[in-house]
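**Student:** My questions will all concern the structure given below.
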Protein chains: 2
Amino acid sequence: MERIVRKYRGKGFKLTPQRIAILKFLEGNTNHPTAEDIYTEIKKKYPTVSFATVYNTVQALRDRGELLEITIDPERKHFDPNPSAHHHIMCTGCGKIGDVFFDYSMSLGLPEEVTREFAVTGNHIDFYGICTSCREKTS
Amino acid sequence: MERIVRKYRGKGFKLTPQRIAILKFLEGNTNHPTAEDIYTEIKKKYPTVSFATVYNTVQALRDRGELLEITIDPERKHFDPNPSAHHHIMCTGCGKIGDVFFDYSMSLGLPEEVTREFAVTGNHIDFYGICTSCREKTS
DNA sequence: TACTATAATAGAATTATTCCAAGATAGTAA
DNA sequence: TTACTATCTTGGAATAATTCTATTATAGTA
């Protein structure tokens, strides 16, 4: 019995073959795939899968707090199956996204004029940079 | 002679009435408008203005480093005519976006496994919270 | 004043995402 | 094991944001 089936069975989350394939693809995936990346991958095994299924599934996972929607790339959304609080860095050359596991919360005090207006609930840091392979290409 | 005309004339930036209207609308605007917000406003005075003109103009401004594209709202892009390095906070109730003028760069050291792969060039922090008026509504 | 490079326009095209109705099926209760 | 039903999957249409294109207009300049 697979880990994924064990994790989701009987929790109000219907496990269909397509969903299992999506869950397997996402599990431990640190590539921050887009909806299209997921769709393309699942289509290999389930050629009739639709974007609706991909979006439905990531939405269900997001609602369960098991997946994050990432906005660092202005072009499209990326998804991160690691829901623990962390941050991201994107290569401005090739668009690759990496994780930044570091808790900055102690360092992010806000100016009084902001806390006067907002009750702060969270934060997320986008870092930008150039990755190793992009630096090699241009040097 | 208007300030805007003085600022842009003779700098390879063609000043048309529509552009002047957009520039005036953006100047000092801290509401982080969307393309549609800009379009709707300019349409009042220039009813034939098109979205293409709005997008062309904000792109030209972005390329000149005079405007930032903001990704804090997963639904759509917002624009910020203040290009100085600062951060943003969005109300998760009503979507209102506020500015956070504080330089956190000294606090944002990155783990070695990240700097090994990326030459970091910038950062931007998205804060989330609930604004005053949304708190009043739900209490 | 006239010329030319650039902008504005309408509308089509593209892309990302959501919605919908019909058929299929996983999970459950008997 | 069977049968039921709530939920999922699907294709395609719909929506929304953004970009592109060809044509016309015009700001800036010479």
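**Student:** For residue A:120 and residue A:64 in one chain, what is 0.36 nm times their gap in residues minus the Cα-Cα distance, to one decimal in nm?
**Tutor:** 18.0 nm
**Student:** A follow-up question, please. Using Cα positions and a limit of under 21 Å, work out the lysines in reach of residue B:24, with same-chain residues fewer than 8 apart set aside.
**Tutor:** B:7, B:11, B:14, B:43, B:44, B:45, B:77
**Student:** Distance between the C-alpha centers of region A:27-52 and region B:102-139? Whole Å please.
**Tutor:** Each part reduced to its Cα centre gives a spacing of 29 Å.
**Student:** Given the Cα atoms of region B:3-70, and with Rh set as the inverse mean 1/r over their pairs in the Kirkwood sense, what is Rg to Rh to two decimals?
**Tutor:** Taking Rh as the inverse mean 1/r over Cα pairs, Rg/Rh reads 0.92.
**Student:** Using a label point 7 Å beyond Cα on the Cα-Cβ vector, give me the inter-copy distances for residue B:56 in nanometres, one decimal, shortest first.
**Tutor:** Output for residue B:56: 4.4 nm, nearest copy listed first.
**Student:** So what are the radius of gyration and Dmax for the Cα set of region B:35-86, in Å?
**Tutor:** When restricted to the Cα atoms of region B:35-86, Rg and Dmax are 11.7, 35 Å.
**Student:** If you don't mind, another one. How much of the accessible area of the protein assembly as shown, in percent, comes from carbon and sulfur atoms when a 1.4 Å probe is used?
**Tutor:** Of all accessible area on the protein assembly as shown, carbon and sulfur atoms account for 51 percent.
**Student:** Now, a different point. Quick one: net charge of residue B:37's neighbours, Cβ under 15 Å, K/R +1, D/E -1?
**Tutor:** So the environment of residue B:37 carries a net charge of 0.
**Student:** Write out the cysteines belonging to chain A for which the nearest other cysteine Cβ is not under 4.7 Å, or none if no such cysteine exists.
**Tutor:** Cys with no partner Cβ under 4.7 Å: A:94, A:134.
**Student:** Could you pull out every residue, at least 5 positions away or on a different chain, whose amide H is within less than 5 Å of the one on residue A:50? Hs are placed 1.01 Å off N in the peptide plane, and Pro or chain starts have none.
**Tutor:** Amide H neighbours of residue A:50, under 5 Å, 5+ apart: none.
**Student:** So for the pair residue B:46, residue A:30, with labels modelled 7 Å out along Cα→Cβ, what separation do we get in nm?
**Tutor:** 4.9
**Student:** Got the relative contact order for chain B handy, in percent, Cα pairs under 8 Å and 6 or more residues apart?
**Tutor:** Details: 146 pairs, mean separation 27.0, N = 139.
Value for chain B: 19 percent.
**Student:** Under the convention of a label 7 Å out along Cα→Cβ, give the distances in nm from residue A:128 to the same position in every other copy, shortest first.
**Tutor:** Label-point distances to the other copies, shortest first: 2.3 nm.
**Student:** Given A:105, A:90, A:39, which one lies farthest toward the positive end of the charge dipole of chain A, if we put +1 on the Cβ of every Lys and Arg and -1 on the Cβ of every Asp and Glu?
**Tutor:** So the residue we want is A:39.
**Student:** What does the charge add up to near residue A:83, with Lys and Arg as +1, Asp and Glu as -1, over the other residues with Cβ less than 11 Å from its Cβ?
**Tutor:** Result for the neighbourhood of residue A:83: -1.
**Student:** With an 8 Å Cα cut-off and a minimum separation of 6 or more residues, compute the relative contact order for region A:3-70 in percent.
**Tutor:** Here the relative contact order equals 24 percent.
**Student:** Another one. Per residue, how many Å² of accessible area does region B:98-139 show with a 1.4 Å probe?
**Tutor:** Each residue of region B:98-139 exposes 58 Å² on average to a 1.4 Å probe.
**Student:** DSSP loop GluC sites (Glu not before Pro) in region A:56-139 with at most 12 other Cβ atoms within 10 Å of their Cβ, which ones?
**Tutor:** On the way: sites: A:66, A:69, A:75, A:112, A:113, A:117, A:136; in loops: A:66, A:75, A:117.
Within region A:56-139, the qualifying GluC sites (Glu not before Pro) (loop, at most 12 other Cβ atoms within 10 Å) are A:75.
**Student:** Averaged over B:108-116, how many beta carbons belonging to a partner chain fall within 10 Å of each residue's beta carbon?
**Tutor:** The shielding value for this peptide is 4.
**Student:** In addition: Would you grab the residues whose amide H sits under 5 Å from the one on residue A:96? Only those 5+ places off in sequence or on another chain, please, with H modelled 1.01 Å from N.
**Tutor:** A:91
**Student:** Not counting ligands, DNA or RNA, and with a 1.4 Å probe, what is residue B:11's accessible surface area in Å² rounded to the nearest 10?
**Tutor:** We get 120 Å² for residue B:11.
**Student:** Apply 1/(1 + (r/R0)^6) to the Cβ-Cβ distance of residue A:106 and residue B:94, taking R0 = 30 Å, and write down the FRET efficiency to the nearest 0.05.
**Tutor:** 0.55
**Student:** Measuring label to label, 7 Å along Cα→Cβ, what does residue B:95 give against each other copy in nm, shortest first?
**Tutor:** 2.5
**Student:** Another one. Taking the convex hull of the alpha carbon atoms in chain A, what volume per residue do you get, in Å³? Spell out each step's value before the answer.
**Tutor:** On the way: hull volume 24.0 nm³, N = 139.
Looking at chain A, the number lands at 172 Å³ per residue.
**Student:** How big is the A/B interface in buried accessible area, both sides summed, 1.4 Å probe, to the nearest 100 Å²?
**Tutor:** Protein heavy atoms only, the A-B interface buries about 3100 Å².
**Student:** Please give me the summed charge of the neighbours of residue A:71: other residues whose Cβ is under 9 Å from its Cβ, Lys and Arg +1, Asp and Glu -1.
**Tutor:** Numbers: positive: A:77; negative: A:69, A:73, A:126, B:73, B:126.
My count for the surroundings of residue A:71 gives -4.
**Student:** In what order, largest first, do A:6, A:19 sit by accessible area if the probe radius is 1.4 Å?
**Tutor:** The ranking, largest first, comes out as A:6, A:19.
**Student:** Pick from A:62, A:76, A:116: which is most flexible by mean-square fluctuation in a GNM of chain A where alpha carbon atoms under 10 Å apart are linked?
**Tutor:** In the Gaussian network model the winner is A:116.
**Student:** Let me ask something additional. Given H placed 1.01 Å from N in the peptide plane, which residues other than close sequence neighbours of residue A:15 have an amide H under 5 Å from its amide H?
**Tutor:** Excluding prolines and chain starts, which carry no amide H, there are no hits.
**Student:** Can I ask one more? Only helical DSSP H runs with n ≥ 4 go in: add -39500 (n - 2.57) per run for chain A, normalise by residue count and round the 222 nm mean residue ellipticity to 500 deg cm²/dmol.
**Tutor:** -10000 deg cm²/dmol
**Student:** What percentages make up the Cα-Cα pair-distance distribution of the protein assembly as shown when the bins are 10 Å wide from 0?
**Tutor:** P(r) for the protein assembly as shown, in whole percents per bin: 6, 23, 28, 26, 14, 3, 1, 0.
The values are calculated or read from the model by the stated rules, or taken from the named source; none is laboratory data. None of these values were measured; they are calculated from a predicted model. Because the Cβ atoms are built from the backbone with ideal geometry, glycine has one as well, and the counts that use them run over all protein chains shown. Ligands, DNA and RNA are excluded from the accessible area calculation, which covers all protein heavy atoms including side chains. Shrake-Rupley method; radii C 1.70, N 1.55, O 1.52, S 1.80 Å.
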